[in-house]
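The values are calculated or read from the model by the stated rules, or taken from the named source; none is laboratory data. Predicted model, so just to flag it, every value in this text is computed and none were measured. Because the Cβ atoms are built from the backbone with ideal geometry, glycine has one as well, and the counts that use them run over all protein chains shown. Surface areas here come from the heavy atoms of the whole protein model, side chains and all, with no ligands, DNA or RNA. Shrake-Rupley method; radii C 1.70, N 1.55, O 1.52, S 1.80 Å.
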Amino acid sequence: AGLDLKTGFIVGAHLKYASPTLPIGFRADLNYARNAFEADGDVNLSTITGFANAVFTFTPQTSTLRPYVLGGLGFGRASFAADGEEDDVNESGFASQVGGGVEIPL
């Protein structure tokens, strides 16, 4: 009984607001992902998440490289569906997010 992975996808978007004079900004993220595999029938796992974050940028908006850290709260939902099963499994809840990176203006 092997596990046959199939093609999945992720669709995401984010909205950012940053003041040209303040180091603190706002970022909202929304993502949807769906992955499939076959193990004694077709199985699908999908997730949808949304987060609202505060973003602290260490350098001015005019800099070429802008390192940042972010943190915030969000909500997510995961659904697990298998062919031949009577009930799908759906779980949802609140979550926190912490991260960082470097912004490079194009």
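Between residues in segment 32-57 that are closer than 24 Å to A81 by Cβ and residues that are modelled with pLDDT of 90 or more and among the basic types (K, R), which pairs lie under 9 Å by C-beta distance while being six or more apart or on different chains?
Note: pairs meeting the criteria are N44/R34; L45/R34; S46/R34; S46/R77; T47/R34; T47/R77; I48/R77; T49/R77.
Yes or no: A54 open to solvent by less than 50 Å² (accessible area, probe 1.4 Å) and in contact with a strand residue (DSSP E or B) (Cβ under 7 Å, 6 or more places away or on another chain)?
no
Just checking, how many residues over segment 38-65 are touching an Asp or Glu at 6+ places or on another chain (Cβ under 6 Å) and either of a type in the set (S, T, N, Q) or at pLDDT below 90 (or both)?
Within segment 38-65, residues that are touching an Asp or Glu at 6+ places or on another chain (Cβ under 6 Å) and either of a type in the set (S, T, N, Q) or at pLDDT below 90 (or both) number 3.
So in segment 24-38, with the set limited to residues that are open to solvent by less than 40 Å² (accessible area, probe 1.4 Å) and over 14 Å from the mean Cα position of the chain (by Cα), which one is farthest from Y68 (Cα to Cα)?
A36
Looking at segment 60-99, which of its residues are among the β-branched types (V, I, T) and either exposed (fewer than 14 other Cβ atoms within 10 Å of the Cβ) or over 16 Å from K16 (Cβ atoms) (or both)?
Passing the criteria: T62, T64, V89, V98.
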